Amino acid sequence: MNTDKFSGKKFKIRDFRFYVQTAFVLLCVWIGIEFYFFIKFLDSGGIGNPVSRPPGVDGFLPISSFMSFYLFLLTGEVSLIHPAGFFIFTAIVIVSLVFGKSFCSWFCPVGFISELLGDLGEKIFRRKLKLPKFLDYPLRSLKYLLLAFFVYSIIFLMTDMAVKAFLEGPYNVMADVKMYYFFADITRFSIIVLSILFVLSIIIRGFWCRYLCPYGAFLGLTSLISPNKIKRNNDTCINCEMCTKVCPSFIDVHKINTVISDECTSCLSCVDVCPVKDTLELQNVIVKKTINKKYVAFGVVLIFIIITGFGMVTGYWQNKVTNEEYMFYHQSIEELGHPTDTKGIEKMNEDVKRK
Ligand code: SF4
Ligand code: SF4
(Lines give C-alpha, C1' and ligand atoms only; values in the text may rest on other atoms or scores of the structure.)
(Ligands and ions follow the chains in the order given, each with its own letter.)
Protein backbone atom coordinates (compact mmCIF):
# COMPACT_ATOMS: atom_id res chain seq x y z
CA MET A 1 0.00 0.00 0.00
CA ASN A 2 1.42 3.39 -1.02
CA THR A 3 1.48 5.16 2.34
CA ASP A 4 3.96 7.24 4.28
CA LYS A 5 4.70 7.08 7.93
CA PHE A 6 3.88 10.32 9.68
CA SER A 7 3.98 10.62 13.43
CA GLY A 8 3.80 6.84 13.62
CA LYS A 9 0.49 6.72 11.68
CA LYS A 10 -0.39 6.21 8.04
CA PHE A 11 -0.24 9.67 6.52
CA LYS A 12 -3.34 10.38 4.48
CA ILE A 13 -3.26 13.71 2.73
CA ARG A 14 -7.09 13.79 2.73
CA ASP A 15 -7.07 13.97 6.55
CA PHE A 16 -4.51 16.73 6.62
CA ARG A 17 -6.39 18.67 3.95
CA PHE A 18 -9.57 18.36 5.96
CA TYR A 19 -7.87 19.91 9.03
CA VAL A 20 -6.44 22.78 6.95
CA GLN A 21 -9.80 23.38 5.21
CA THR A 22 -11.66 23.33 8.54
CA ALA A 23 -9.16 25.72 10.14
CA PHE A 24 -9.51 28.07 7.18
CA VAL A 25 -13.32 28.01 7.35
CA LEU A 26 -13.17 28.74 11.10
CA LEU A 27 -10.81 31.63 10.39
CA CYS A 28 -13.29 32.97 7.82
CA VAL A 29 -16.15 32.65 10.34
CA TRP A 30 -14.07 34.56 12.90
CA ILE A 31 -13.34 37.30 10.35
CA GLY A 32 -17.05 37.38 9.49
CA ILE A 33 -18.02 37.88 13.15
CA GLU A 34 -15.50 40.71 13.58
CA PHE A 35 -16.71 42.31 10.36
CA TYR A 36 -20.33 42.06 11.55
CA PHE A 37 -19.45 44.12 14.65
CA PHE A 38 -17.62 46.64 12.47
CA ILE A 39 -20.74 47.04 10.28
CA LYS A 40 -22.92 47.46 13.39
CA PHE A 41 -20.51 50.19 14.51
CA LEU A 42 -20.96 51.97 11.13
CA ASP A 43 -24.74 51.48 11.26
CA SER A 44 -24.85 53.07 14.71
CA GLY A 45 -23.19 56.20 13.32
CA GLY A 46 -19.99 55.54 15.26
CA ILE A 47 -21.59 55.48 18.72
CA GLY A 48 -19.75 53.58 21.43
CA ASN A 49 -16.27 52.09 21.46
CA PRO A 50 -14.56 52.20 18.06
CA VAL A 51 -14.51 48.81 16.34
CA SER A 52 -11.71 48.08 13.90
CA ARG A 53 -12.26 46.30 10.63
CA PRO A 54 -10.64 42.82 10.26
CA PRO A 55 -8.09 43.03 7.38
CA GLY A 56 -8.73 39.39 6.39
CA VAL A 57 -12.06 40.44 4.88
CA ASP A 58 -10.00 41.76 1.94
CA GLY A 59 -9.57 38.13 0.88
CA PHE A 60 -13.24 38.12 -0.11
CA LEU A 61 -12.67 40.85 -2.70
CA PRO A 62 -11.02 38.90 -5.54
CA ILE A 63 -11.43 41.55 -8.25
CA SER A 64 -10.04 44.32 -6.05
CA SER A 65 -7.17 41.99 -5.05
CA PHE A 66 -6.47 41.10 -8.68
CA MET A 67 -6.37 44.82 -9.55
CA SER A 68 -3.96 45.47 -6.65
CA PHE A 69 -1.78 42.62 -7.91
CA TYR A 70 -1.89 44.05 -11.43
CA LEU A 71 -1.04 47.55 -10.17
CA PHE A 72 1.92 46.09 -8.27
CA LEU A 73 3.16 44.36 -11.45
CA LEU A 74 2.83 47.63 -13.40
CA THR A 75 4.23 50.08 -10.86
CA GLY A 76 5.78 48.14 -7.95
CA GLU A 77 3.30 49.91 -5.68
CA VAL A 78 1.15 48.16 -3.05
CA SER A 79 -2.27 49.81 -2.89
CA LEU A 80 -3.08 50.86 0.67
CA ILE A 81 -6.79 50.12 0.15
CA HIS A 82 -7.49 46.47 1.05
CA PRO A 83 -3.75 45.63 1.06
CA ALA A 84 -4.33 42.28 2.81
CA GLY A 85 -6.21 41.22 -0.35
CA PHE A 86 -3.04 41.87 -2.36
CA PHE A 87 -0.95 39.60 -0.08
CA ILE A 88 -3.61 36.88 0.05
CA PHE A 89 -3.94 36.96 -3.76
CA THR A 90 -0.14 36.87 -4.20
CA ALA A 91 0.10 33.90 -1.80
CA ILE A 92 -2.61 32.06 -3.78
CA VAL A 93 -0.84 32.71 -7.11
CA ILE A 94 2.53 31.53 -5.75
CA VAL A 95 1.00 28.41 -4.14
CA SER A 96 -0.55 27.64 -7.55
CA LEU A 97 2.73 28.17 -9.38
CA VAL A 98 4.48 25.77 -7.00
CA PHE A 99 1.83 23.14 -6.25
CA GLY A 100 -0.81 23.62 -8.95
CA LYS A 101 -4.40 24.68 -8.28
CA SER A 102 -4.01 23.71 -4.64
CA PHE A 103 -5.78 26.81 -3.25
CA CYS A 104 -9.07 25.25 -4.42
CA SER A 105 -8.54 21.99 -2.53
CA TRP A 106 -6.66 23.31 0.51
CA PHE A 107 -8.00 26.74 1.46
CA CYS A 108 -11.02 27.93 -0.50
CA PRO A 109 -14.12 27.79 1.76
CA VAL A 110 -16.38 27.51 -1.30
CA GLY A 111 -14.23 24.62 -2.57
CA PHE A 112 -14.54 22.94 0.84
CA ILE A 113 -18.33 23.30 0.97
CA SER A 114 -18.49 22.12 -2.62
CA GLU A 115 -16.40 19.05 -1.70
CA LEU A 116 -18.70 18.21 1.23
CA LEU A 117 -21.78 18.61 -1.00
CA GLY A 118 -20.10 16.34 -3.58
CA ASP A 119 -19.47 13.72 -0.84
CA LEU A 120 -23.13 13.97 0.15
CA GLY A 121 -24.18 13.52 -3.49
CA GLU A 122 -22.01 10.41 -3.83
CA LYS A 123 -23.63 8.96 -0.71
CA ILE A 124 -27.12 9.70 -2.06
CA PHE A 125 -26.56 8.46 -5.62
CA ARG A 126 -23.95 5.82 -4.65
CA ARG A 127 -21.71 6.99 -7.49
CA LYS A 128 -20.09 10.07 -8.95
CA LEU A 129 -22.44 11.61 -11.48
CA LYS A 130 -20.90 13.33 -14.46
CA LEU A 131 -22.34 15.45 -17.25
CA PRO A 132 -21.95 14.04 -20.78
CA LYS A 133 -19.01 15.46 -22.73
CA PHE A 134 -21.21 17.46 -25.11
CA LEU A 135 -22.46 19.46 -22.09
CA ASP A 136 -19.31 19.30 -19.94
CA TYR A 137 -16.94 20.94 -22.43
CA PRO A 138 -19.05 24.01 -23.30
CA LEU A 139 -20.04 24.52 -19.66
CA ARG A 140 -16.39 24.38 -18.55
CA SER A 141 -15.66 27.24 -20.92
CA LEU A 142 -18.11 29.51 -19.01
CA LYS A 143 -15.62 30.21 -16.23
CA TYR A 144 -13.02 31.19 -18.84
CA LEU A 145 -15.49 33.57 -20.48
CA LEU A 146 -16.09 35.23 -17.09
CA LEU A 147 -12.33 35.40 -16.50
CA ALA A 148 -11.77 36.84 -19.99
CA PHE A 149 -14.38 39.52 -19.30
CA PHE A 150 -12.62 40.63 -16.06
CA VAL A 151 -9.12 40.43 -17.56
CA TYR A 152 -10.18 42.37 -20.67
CA SER A 153 -11.99 45.04 -18.61
CA ILE A 154 -8.97 45.57 -16.35
CA ILE A 155 -5.89 44.93 -18.49
CA PHE A 156 -7.12 46.19 -21.85
CA LEU A 157 -9.56 48.94 -20.92
CA MET A 158 -7.84 50.55 -17.91
CA THR A 159 -4.58 52.44 -17.64
CA ASP A 160 -2.46 52.10 -14.49
CA MET A 161 -3.81 55.51 -13.41
CA ALA A 162 -7.40 54.29 -13.84
CA VAL A 163 -6.64 51.13 -11.84
CA LYS A 164 -5.16 53.27 -9.06
CA ALA A 165 -8.13 55.67 -9.16
CA PHE A 166 -10.55 52.73 -8.93
CA LEU A 167 -8.67 51.13 -6.03
CA GLU A 168 -8.58 54.39 -4.08
CA GLY A 169 -12.11 55.43 -4.99
CA PRO A 170 -15.12 55.18 -2.67
CA TYR A 171 -16.66 52.20 -4.48
CA ASN A 172 -13.62 50.01 -3.80
CA VAL A 173 -13.13 51.38 -0.27
CA MET A 174 -16.70 50.33 0.54
CA ALA A 175 -16.74 47.14 -1.58
CA ASP A 176 -16.57 44.88 1.50
CA VAL A 177 -19.36 46.80 3.26
CA LYS A 178 -21.51 46.63 0.11
CA MET A 179 -20.83 42.88 -0.09
CA TYR A 180 -22.05 42.54 3.52
CA TYR A 181 -25.30 44.35 2.73
CA PHE A 182 -25.77 42.23 -0.39
CA PHE A 183 -25.82 39.05 1.74
CA ALA A 184 -27.59 40.64 4.73
CA ASP A 185 -30.45 41.92 2.50
CA ILE A 186 -30.28 39.09 0.02
CA THR A 187 -32.94 39.23 -2.69
CA ARG A 188 -35.31 36.38 -3.48
CA PHE A 189 -33.64 36.02 -6.90
CA SER A 190 -30.18 35.61 -5.29
CA ILE A 191 -31.56 33.00 -2.85
CA ILE A 192 -33.03 31.05 -5.78
CA VAL A 193 -29.72 31.20 -7.70
CA LEU A 194 -27.72 30.09 -4.62
CA SER A 195 -30.20 27.27 -3.92
CA ILE A 196 -29.91 26.02 -7.51
CA LEU A 197 -26.10 26.04 -7.25
CA PHE A 198 -26.35 24.21 -3.92
CA VAL A 199 -28.51 21.43 -5.39
CA LEU A 200 -26.40 21.20 -8.57
CA SER A 201 -23.25 20.84 -6.41
CA ILE A 202 -24.83 17.81 -4.73
CA ILE A 203 -25.71 16.22 -8.07
CA ILE A 204 -22.51 17.13 -9.96
CA ARG A 205 -19.39 17.24 -7.81
CA GLY A 206 -17.78 20.68 -7.83
CA PHE A 207 -20.42 22.24 -10.11
CA TRP A 208 -19.54 25.84 -9.22
CA CYS A 209 -15.77 25.25 -9.30
CA ARG A 210 -15.79 23.26 -12.54
CA TYR A 211 -18.13 25.44 -14.57
CA LEU A 212 -18.47 28.93 -13.12
CA CYS A 213 -15.62 30.07 -10.86
CA PRO A 214 -13.39 32.60 -12.70
CA TYR A 215 -10.89 32.50 -9.80
CA GLY A 216 -10.50 28.74 -10.34
CA ALA A 217 -10.11 29.37 -14.10
CA PHE A 218 -7.28 31.81 -13.41
CA LEU A 219 -5.55 29.41 -11.02
CA GLY A 220 -6.09 26.51 -13.43
CA LEU A 221 -4.17 28.41 -16.12
CA THR A 222 -1.46 29.39 -13.61
CA SER A 223 -1.13 25.78 -12.47
CA LEU A 224 -0.34 24.62 -16.01
CA ILE A 225 3.12 26.18 -15.71
CA SER A 226 3.76 24.60 -12.31
CA PRO A 227 6.73 22.21 -12.60
CA ASN A 228 5.18 19.79 -10.09
CA LYS A 229 2.78 17.30 -11.67
CA ILE A 230 1.12 13.99 -10.85
CA LYS A 231 3.09 11.25 -12.64
CA ARG A 232 2.01 7.65 -13.20
CA ASN A 233 4.50 4.85 -13.68
CA ASN A 234 3.07 2.78 -16.50
CA ASP A 235 5.42 -0.16 -15.75
CA THR A 236 4.15 -0.74 -12.21
CA CYS A 237 0.53 0.41 -12.63
CA ILE A 238 -1.92 -2.48 -12.30
CA ASN A 239 -4.75 -0.56 -13.96
CA CYS A 240 -7.06 -0.84 -10.98
CA GLU A 241 -8.54 2.59 -11.88
CA MET A 242 -8.84 3.58 -8.23
CA CYS A 243 -7.09 6.89 -8.98
CA THR A 244 -9.66 7.77 -11.65
CA LYS A 245 -12.58 6.73 -9.47
CA VAL A 246 -11.46 8.97 -6.60
CA CYS A 247 -10.49 12.01 -8.71
CA PRO A 248 -12.94 14.85 -7.93
CA SER A 249 -12.03 16.54 -11.21
CA PHE A 250 -13.09 13.62 -13.43
CA ILE A 251 -9.56 13.14 -14.80
CA ASP A 252 -8.78 9.69 -16.27
CA VAL A 253 -5.61 9.40 -14.21
CA HIS A 254 -5.13 5.69 -15.00
CA LYS A 255 -4.87 6.45 -18.72
CA ILE A 256 -2.23 9.18 -18.64
CA ASN A 257 1.41 9.30 -17.60
CA THR A 258 1.47 12.97 -16.54
CA VAL A 259 -1.55 14.90 -15.31
CA ILE A 260 -1.50 18.22 -17.16
CA SER A 261 -4.97 19.61 -16.59
CA ASP A 262 -6.44 22.96 -15.62
CA GLU A 263 -9.00 21.01 -13.56
CA CYS A 264 -6.47 19.16 -11.34
CA THR A 265 -6.62 20.74 -7.88
CA SER A 266 -3.53 18.94 -6.49
CA CYS A 267 -5.74 17.33 -3.88
CA LEU A 268 -3.51 14.21 -4.09
CA SER A 269 -6.49 11.92 -3.47
CA CYS A 270 -5.28 9.78 -6.38
CA VAL A 271 -1.82 9.46 -4.78
CA ASP A 272 -3.46 8.61 -1.45
CA VAL A 273 -5.49 5.80 -2.92
CA CYS A 274 -2.99 4.15 -5.28
CA PRO A 275 -2.28 0.66 -3.89
CA VAL A 276 1.11 0.18 -5.60
CA LYS A 277 4.17 1.77 -4.07
CA ASP A 278 6.00 4.41 -6.14
CA THR A 279 3.43 4.23 -8.95
CA LEU A 280 1.48 7.46 -8.64
CA GLU A 281 3.41 10.41 -7.24
CA LEU A 282 3.83 14.14 -7.36
CA GLN A 283 7.01 14.81 -9.27
CA ASN A 284 9.04 17.82 -10.23
CA VAL A 285 9.18 17.34 -13.98
CA ILE A 286 12.26 19.55 -14.38
CA VAL A 287 14.60 17.76 -11.97
CA LYS A 288 12.55 14.51 -12.16
CA LYS A 289 12.38 14.14 -8.38
CA THR A 290 9.45 12.80 -6.41
CA ILE A 291 7.97 15.17 -3.85
CA ASN A 292 6.81 13.45 -0.69
CA LYS A 293 3.15 14.29 -0.17
CA LYS A 294 3.75 15.41 3.41
CA TYR A 295 5.99 18.19 2.04
CA VAL A 296 3.07 19.34 -0.12
CA ALA A 297 0.89 19.48 2.98
CA PHE A 298 3.39 21.67 4.81
CA GLY A 299 4.47 23.55 1.68
CA VAL A 300 1.06 25.01 0.77
CA VAL A 301 0.45 26.13 4.35
CA LEU A 302 3.97 27.52 4.77
CA ILE A 303 3.90 29.57 1.55
CA PHE A 304 0.58 31.06 2.58
CA ILE A 305 1.81 31.93 6.08
CA ILE A 306 5.13 33.40 4.84
CA ILE A 307 3.55 35.72 2.26
CA THR A 308 0.66 36.93 4.39
CA GLY A 309 3.04 37.16 7.38
CA PHE A 310 5.35 39.34 5.26
CA GLY A 311 2.44 41.73 4.70
CA MET A 312 1.82 41.84 8.45
CA VAL A 313 5.41 42.45 9.61
CA THR A 314 6.06 45.10 6.96
CA GLY A 315 3.03 47.09 8.12
CA TYR A 316 1.08 46.72 4.86
CA TRP A 317 -1.59 44.38 6.19
CA GLN A 318 -3.97 46.93 7.68
CA ASN A 319 -6.26 49.00 5.50
CA LYS A 320 -5.22 52.66 5.58
CA VAL A 321 -8.85 53.86 5.63
CA THR A 322 -9.80 55.45 8.95
CA ASN A 323 -13.08 54.79 10.73
CA GLU A 324 -13.97 58.45 10.07
CA GLU A 325 -13.57 57.90 6.32
CA TYR A 326 -15.68 54.76 6.55
CA MET A 327 -18.38 56.72 8.40
CA PHE A 328 -18.25 59.43 5.73
CA TYR A 329 -18.61 57.03 2.78
CA HIS A 330 -21.19 54.97 4.68
CA GLN A 331 -23.63 57.92 4.53
CA SER A 332 -23.81 57.65 0.72
CA ILE A 333 -23.26 53.92 0.30
CA GLU A 334 -26.51 53.47 -1.66
CA GLU A 335 -25.20 55.84 -4.35
CA LEU A 336 -21.91 53.97 -4.82
CA GLY A 337 -22.61 51.90 -7.93
CA HIS A 338 -19.88 50.08 -9.83
CA PRO A 339 -18.22 52.60 -12.20
CA THR A 340 -18.07 51.16 -15.71
CA ASP A 341 -15.24 53.18 -17.26
CA THR A 342 -12.40 55.55 -16.42
CA LYS A 343 -14.62 58.65 -16.65
CA GLY A 344 -17.15 56.99 -14.35
CA ILE A 345 -14.41 56.26 -11.80
CA GLU A 346 -13.14 59.85 -11.87
CA LYS A 347 -16.67 61.30 -11.67
CA MET A 348 -17.64 59.14 -8.71
CA ASN A 349 -14.44 60.00 -6.85
CA GLU A 350 -15.05 63.74 -7.45
CA ASP A 351 -18.76 63.59 -6.54
CA VAL A 352 -18.02 61.95 -3.20
CA LYS A 353 -15.16 64.37 -2.40
CA ARG A 354 -17.42 67.35 -3.18
CA LYS A 355 -20.08 66.23 -0.64
S1 SF4 B 1 -5.58 14.13 -10.71
FE2 SF4 B 1 -5.21 13.53 -8.57
S3 SF4 B 1 -4.48 15.45 -7.60
FE4 SF4 B 1 -5.48 16.03 -9.54
S5 SF4 B 1 -7.60 16.47 -8.96
FE6 SF4 B 1 -7.53 14.30 -9.59
S7 SF4 B 1 -7.23 13.20 -7.66
FE8 SF4 B 1 -6.71 15.33 -7.23
S1 SF4 C 1 -4.46 3.71 -8.60
FE2 SF4 C 1 -2.28 3.35 -9.06
S3 SF4 C 1 -2.23 1.24 -9.79
FE4 SF4 C 1 -4.38 1.82 -9.83
S5 SF4 C 1 -4.69 2.60 -11.96
FE6 SF4 C 1 -4.14 4.36 -10.71
S7 SF4 C 1 -1.93 4.55 -10.94
FE8 SF4 C 1 -2.47 2.48 -11.60
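The values are calculated or read from the model by the stated rules, or taken from the named source; none is laboratory data. Just so it is clear, the structure is predicted and the values come from calculations on it, not from any experiment. Every residue, glycine as well, gets a Cβ built from its backbone with ideal geometry; the counts of neighbours run over all protein chains shown.
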Review point. How many residues, within the range 163-219, are out of contact with any helix residue (DSSP H, G or I) (no Cβ under 8 Å at 6 or more places or on another chain) and surrounded by 14 or more Cβ atoms within 10 Å (Cβ to Cβ)?
Key: 0
Check your understanding: Out of curiosity, is residue 294 over 29 Å from residue 144 (Cα atoms), in contact (Cβ under 8 Å) with a residue 40 or more places away in the chain and either within 11 Å of ligand 1 (Cβ to nearest atom) or assigned to a helix (DSSP H, G or I) (or both)?
Key -> yes
**Study point:** Selected residue (only one of 294, 277 is at pLDDT below 95, surrounded by 15 or more Cβ atoms within 10 Å (Cβ to Cβ) and not small (Gly, Ala, Ser))
**Key:** 294
**Study point:** Members of the range 81-106 that are more than 10 Å from the chain's Cα centre (by Cα) and β-branched (Val, Ile, Thr)
**Key:** 81, 90, 94, 95, 98
**Study point:** Selected residue (criterion: surrounded by the most Cβ atoms within 10 Å (Cβ to Cβ)) from residues of the range 308-335 that are outside any helix (DSSP H, G or I) and hydroxyl-bearing (Ser, Thr, Tyr)
**Key:** 316
Review point. What pairs can you find where one residue is in the range 144-168 and among the polar types (S, T, N, Q), the other is part of a helix (DSSP H, G or I), and their Cβ atoms are less than 8 Å apart, with a gap of 6+ or different chains?
Key: 159/342
Practice item. May I ask you to list the residues in the range 214-246 that are within 11 Å of ligand 1 (Cβ to nearest atom), among the polar types (S, T, N, Q) and more than 16 Å from residue 300 (Cα to Cα)? Key: 244
Check your understanding: Which residues, counting only those in the range 264-274, are at negative phi, more than 10 Å from ligand 2 (Cβ to nearest atom) and in a loop (DSSP other than H, G, I, E, B)?
Key -> 264, 265, 267
**Study point:** Selection count where residues are more than 8 Å from ligand 1 (Cβ to nearest atom) and over 23 Å from residue 143 (Cβ atoms), scope the range 247-271
**Key:** 4
Check your understanding: Between residues in the range 238-263 that are at positive phi and residues that are assigned to a loop (DSSP other than H, G, I, E, B), which pairs lie under 7 Å by C-beta distance while being six or more apart or on different chains?
Key -> 250/130
Check your understanding: Within the range 55-105, restricting attention to residues that are crowded, with 22+ Cβ neighbours inside 10 Å and free of Cβ contacts under 8 Å to residues at least 40 places away in the same chain, which residue is farthest from residue 322 (Cα to Cα)?
Key -> 89
Review point. Consider residue 305 against the criteria (1) without any contact (Cβ under 8 Å) to a residue 40 or more places away in the chain; (2) surrounded by 13 or more Cβ atoms within 10 Å (Cβ to Cβ); (3) more than 14 Å from ligand 1 (Cβ to nearest atom); (4) β-branched (Val, Ile, Thr): it satisfies all of them except one. Which criterion is unmet?
Key: (2)
Check your understanding: Before we move on, is residue 92 assigned to a helix (DSSP H, G or I) and closer than 24 Å to residue 268 by Cα?
Key -> yes
